[in-house]
Amino acid sequence: MAICRIIETGRTPDEYDRVREKVNIGGSPPAGSRLHVAALGDDGKIRVIEVWDTREQAEAFGQKVMAARDELGFGGERPPMTYLEVHNLLQ
């Protein structure tokens, strides 16, 4: 069952881009990823909304992101995130 993950990254657009480059995303999504949206909040920080085939795939990719954040000096606690069961997805 597909899941939606909403992440309060606490990172600026520049920091988000640096992490993205570090995990070598490029133009193709990781396995299991169906949707990725990075949006800028009023506070200048990025929020991410993702849809994954499974929570396990999302968590596995999240480990890569956390490792990249650590390497770039943005480590610390895992950012707040919410998981929701996808009821409908239009693309």
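Indicate the gyration tensor shape class of segment 3-75 (rounded, prolate or oblate), computed on the Cα atoms with a ≥ b ≥ c the square roots of the eigenvalues: a/c under 1.5 is rounded; otherwise a/b larger than b/c is prolate and the rest oblate. In terms of gyration-tensor shape, oblate. Farthest toward the positive end of the dipole of segment 3-75, out of Ala67, Val37, Val51, is the Cα of Val51, where the dipole comes from beta carbon charges about the Cα centre.
A Cβ-based charge dipole, computed about the Cα centre of the chain with Lys and Arg at +1 and Asp and Glu at -1, lands at about 120 debye.
Just so you know, all these numbers are worked out from the coordinates, no wet-lab data involved. The structure presented is a predicted model; accordingly, all values stated were derived computationally and were not measured. Virtual Cβ from ideal backbone geometry, glycine too; neighbours counted across all protein chains shown.
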